[in-house]
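Trainee: I am attaching a structure below and will ask some questions about it afterwards.
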Amino acid sequence: MLCDVCKCNDAAVFLTQIVEGKMQKVNLCDACSKEKGVQDPTGFALADLLLGIGAAEEIEKGGAAQKCPVCGFTQSDFKKTGRLGCSTCYLTFAEGLGSLLKAMHKGTEHVGKVPEHAQRAAQLTDRMRNLSESLQKAVADENYETAASLRDQIKQLENDLTS
Amino acid sequence: MKLSSIISTQGEWLRGEGPHHQIVISSRVRFARNLRNRAFPGWAKKAERTAILDQIRPKVEQLPEMQDSFSELLQDLSALDKQVLVERHLISREHAAKGAGSALVMNRKQTLSVMINEEDHLRMQSMRSGLQLKQAFKLVDKIDSALESNLEFAFDPRLGYLTACPTNVGTGMRASAMLHLPGLVLSELINQVVQAVSKIGLAVRGLYGEGTEAMGNLFQISNQTTLGEKEDEIISRLTKVIETIIDKEHDARQVLLQKRSNTLWDQIGRAYGLLTYAHAMASKEALNLLSIIKLGVDLGAFPEERRLPIDELFIDTQPAHLQKSSQQKLNAEERDHLRAQIIRGRLKLFPKPDIGKLAKESGNGSAAKPSNNE
């Protein structure tokens, strides 16, 4: 069995992670296990390692030879380090990252703290979501006047958001 | 503030007396933040890292909480000094490995430390003695809000705060506590607890040892996921689990006292004998023996005033601390001698273990419901 990271040496260290019933395995050769800090429990995060290997495969599915326009990061870089290059990478590799984040975390949407500069946008997005739900209901109820006014409000909010 | 004054005083969180401090040594909450439109530290070239550092550091130093702070570039610290900071849990091992382009800003009380250009541009952490996750959170939250008014953090409305590693995205928060669980280890119940906790999506690891081997019976428990939950939900969940573990630890100690008291006396006696008379001691053995003595203090076999010297020994017998206290370069064998010497010196004032005083633990712990730090 070959090492999952370098794919050239024989695997000697076998790691298994079981989280909420899901099992993931990583096979490493001696050299790669030392490099990834497997011997050091405080520095080593199995999740990060699995992420690097699993994520790289997911990202390859997303699209070949993708490179982040801002920092030049590629998927093979991700495979090597398990980390991204800059915040724009999250957009560049969004497709591959999506399923990964789902497996990694409790949810796929952030519900916690929002920095001030983003709060206005977050509030507008929330309001838009509520309005479009009401719009759908109004149309279903054949309440076309209400629906029309809601549609105009949504248009106004869209303008606010992009401005 | 100089490094030497940090070394000479134990941080407040180590000698403080937070709730349940016998079992929960310390609590820590860490936020990871990055600047927008800048490569993450692992990918950025040195010039960009330095530019980021020059942008961030003054803002951190200006915080009111950082008056008279310790602020240093990591390249200006020796490898030994950095290792000392790691042993004090003031910086991560990863940060100690950094050189040019990284820095550390820390407050005098050693309850707040900010690592610049570690895995992320900004890693802010607050440490407290005992189980005080909420208090630790409040402080980091406060400086995070203060800094975000001066620096633009990378944030996505759907994914939350963007971090170098996807495992931190969202809240960017890692809340953790260091627990001392000799009762569970001696009762061989620790594996059950670790497995049960892992199922809830929390991570438990031994603090120093390899794999499941825990040195000093010390364990760190932290949240594993950062996306999809609010910060206070993560903290409540973690706090509740820790409170359950505290109860289990107290129960395990009770059972040991009632059903396996001989094992307990034997362990305490041997630990006391070895620490008081040995002339060479490796750090792993020292940690394990000190852990038993600490248990002895908890159970009343040693007077309460002896608690602090033991807690200090946990840190002072670490390799870099030993080297720092000696003028010459020590090899492993010499360190072991010095370690044993320091331990013998501190334990000279220790009375012999008073087994008769090993009263039932009902005075402290499981009877009193853990106070909620709400």
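The values are calculated or read from the model by the stated rules, or taken from the named source; none is laboratory data. What you are looking at is a predicted structure, and each value in this text was computed from that prediction instead of being measured. Methodologically, a virtual Cβ is constructed for each residue, glycine included, from the backbone with ideal geometry; neighbour enumeration extends over all protein chains shown. Please note that ligands, DNA and RNA were not included when accessible areas were found on the heavy atoms of the full protein model with its side chains. Shrake-Rupley method; radii C 1.70, N 1.55, O 1.52, S 1.80 Å.
Trainee: Positive end of the dipole of the protein assembly as shown, charges at C-beta (+1 Lys, Arg; -1 Asp, Glu), about the Cα centre: which of B:Gly228, B:Leu289, B:Pro166 has its Cα farthest in that direction?
Mentor: Going by the Cα projections, it comes out as B:Leu289.
Trainee: Another question about this same structure. May I ask you to give the solvent-accessible area per residue for the range B:1-86, in square angstrom, as obtained with a 1.4 angstrom probe?
Mentor: Working: 3880 Å² over 86 residues.
Dividing the accessible area of the range B:1-86 by its residue count gives 45 Å².
Trainee: Right, here's the next one. Sorted by accessible area with a 1.4 angstrom probe, largest first, how do B:Ile143, B:Ile342 fall? Each step should come with its number before you reach the end.
Mentor: Numbers: B:Ile143 0, B:Ile342 40 Å².
Correct descending sequence by accessible area is B:Ile342, B:Ile143.
Trainee: With each label point set 7 Å from Cα along the Cα-Cβ vector, what nm distance links B:Gln192 and B:Thr9?
Mentor: 4.5
Trainee: For chain B, take the longest principal axis of its alpha carbons; what is the angle in degrees between that and the long axis of helix B:307-316, to the nearest 10 within 0 to 90?
Mentor: 60
Trainee: A further question follows. For a quick check: with amide H placed at 1.01 Å from N, whose amide H comes under 5 Å from B:Gly42's, ignoring anything fewer than 5 positions away on the same chain?
Mentor: Placed amide hydrogens put nothing under 5 Å from B:Gly42.
Trainee: Turning to a different aspect of this structure: Take the residue pairs B:Lys142/B:Lys240; B:Lys138/B:Lys230; A:Lys79/B:Lys98; A:Lys80/B:Lys45; B:Lys199/B:Lys294 and return only those whose Cα atoms are more than 20 Å apart. Write down the numbers at each step before the final one.
Mentor: Values: B:Lys142/B:Lys240 24 Å; B:Lys138/B:Lys230 14 Å; A:Lys79/B:Lys98 22 Å; A:Lys80/B:Lys45 17 Å; B:Lys199/B:Lys294 30 Å.
From B:Lys142/B:Lys240; B:Lys138/B:Lys230; A:Lys79/B:Lys98; A:Lys80/B:Lys45; B:Lys199/B:Lys294, over 20 Å: B:Lys142/B:Lys240; A:Lys79/B:Lys98; B:Lys199/B:Lys294.
Trainee: Based on alpha-carbon centroids, what's the gap between the range B:73-135 and the range B:236-278 in Å, whole number please?
Mentor: The range B:73-135 and the range B:236-278 have Cα centres spaced 31 Å from each other.
Trainee: Using only Cα positions of the range B:91-134, each an equal point scatterer, no hydration layer, compute I(q)/I(0) via Debye at q = 0.14, 0.24, 0.29 Å⁻¹ and quote the log10 values to two decimals.
Mentor: One equal scatterer on each Cα of the range B:91-134 leads to -0.35, -0.84, -1.03.
Trainee: Here's something else I'd like to know. Please list, or write none, the lysines whose alpha carbon is within less than 22 Å of the alpha carbon of A:Lys137, excluding same-chain residues fewer than 8 places away.
Mentor: In chain and number order, the partners are A:Lys155.
Trainee: Follow-up question, since we're still on this one. Can you tell me which of B:Asp251, B:Asp81, B:Asp354 moves the most in a GNM of chain B? Springs connect C-alpha atoms under 10 Å apart.
Mentor: Answer for the Gaussian network model of chain B: B:Asp354.
Trainee: If you don't mind, another one. Chains B and A: buried accessible surface, both sides, probe 1.4 Å, rounded to 100 Å²? Provide the component values of the computation, followed by the final result.
Mentor: Values: alone 17020 and 11430 Å², together 24720 Å².
Using a 1.4 Å probe on protein heavy atoms, the buried area is about 3700 Å².
Trainee: Averaging over all projection directions, find the projected area of the Cα convex hull of the protein assembly as shown and quote it in nm² with one decimal place. Kindly include the intermediate steps, with their values, before the conclusion.
Mentor: Working: hull surface 116.4 nm².
Mean projected area for the protein assembly as shown: 29.1 nm², to one decimal.
Trainee: Next question. Considering chain B as a Gaussian network with a 10 Å cut-off on Cα pairs, which listed residue, B:Ser325, B:Ser126, B:Ser176, attains the greatest mean-square fluctuation?
Mentor: For chain B, modelled as a Gaussian network with Cα springs under 10 Å, the answer is B:Ser325.
Trainee: Right, something else. Residue by residue, what Karplus-based ³J(HN,Hα) values in Hz, rounded to whole numbers, does the range B:34-40 have, using 6.51, -1.76 and 1.60 with θ = phi - 60° and x for Gly and Pro?
Mentor: In residue order, the calculated couplings are 9, 7, 6, 6, 10, 4, 5 Hz.
Trainee: Follow-up. Could you work out [θ]222 nm for chain B from helices alone, using -39500 (n - 2.57) per DSSP H run of at least four and dividing by all its residues? Round to the nearest 500 deg cm²/dmol.
Mentor: Details: 14 runs with 166 residues, N = 374.
Calculated from helices alone, the mean residue ellipticity at 222 nm is -13500 deg cm²/dmol.
Trainee: Still on this structure, I have one more. Would you mind telling me which residue in B:Leu313, B:Leu202, B:Leu189 has the biggest mean-square fluctuation in a Gaussian network model of chain B, where springs connect alpha carbons within a distance under 10 angstrom?
Mentor: Evaluated over chain B, the most mobile residue of the options is B:Leu189.
Trainee: Using a cut-off of 15 Å between alpha-carbon atoms, which aspartates and glutamates can reach B:Lys46, once sequence neighbours fewer than 8 places away in the same chain are excluded?
Mentor: B:Asp54, B:Glu118, B:Glu119, B:Asp120
Trainee: Other chains near B:146-157: what is the mean number of their Cβ atoms within 10 Å of each residue's Cβ?
Mentor: Numbers: counts 0, 1, 5, 3, 0, 1, 3, 5, 5, 9, 6, 9.
Mean shielding count: 4.
Trainee: Quick query: amide H of B:Gly160 versus all other amide H atoms, modeled in the peptide plane; which residues come in under 5 Å with a sequence gap of 5 or more or a different chain?
Mentor: A:His110
Trainee: State to the nearest 20 debye the size of the charge dipole of chain B about its Cα centre, where the only charges are +1 on K and R beta carbons and -1 on D and E beta carbons. Walk me through the numbers on the way to the answer.
Mentor: On the way: 50 positive and 45 negative charges, 61 e Å.
Dipole size: approximately 300 debye.
Trainee: Would you mind telling me the share, in percent, of accessible area of chain B contributed by carbon and sulfur at probe 1.4 angstrom? Don't skip to the answer; put the middle values down first.
Mentor: On the way: 7440 of 15250 Å².
Of all accessible area on chain B, carbon and sulfur atoms account for 49 percent.
Trainee: Longest exposed-loop-site-free stretch of chain B, with trypsin sites (Lys or Arg not before Pro), DSSP loop and at most 16 other Cβ within 10 Å? Walk me through the numbers on the way to the answer.
Mentor: Numbers: sites that count: B:Lys2, B:Arg36, B:Lys45, B:Lys109, B:Arg158, B:Lys230, B:Arg260, B:Lys329, B:Lys348, B:Lys360.
Longest run free of exposed loop sites: B:159-229.
Trainee: Place a +1 charge on the Cβ of each Lys and Arg in the range B:93-187 and a -1 charge on the Cβ of each Asp and Glu, then give the dipole magnitude about the Cα centre in debye, rounded to the nearest 20. Mind showing how you got there, number by number?
Mentor: Values: 11 positive and 9 negative charges, 98 e Å.
Using Cβ point charges on Lys, Arg, Asp and Glu, the range B:93-187 gives about 480 debye.
Trainee: Taking the Cα atoms of chain B alone, what are Rg (to one decimal) and Dmax (as a whole number) in Å?
Mentor: Cα only, chain B: 21.3, 66 Å (Rg, Dmax).
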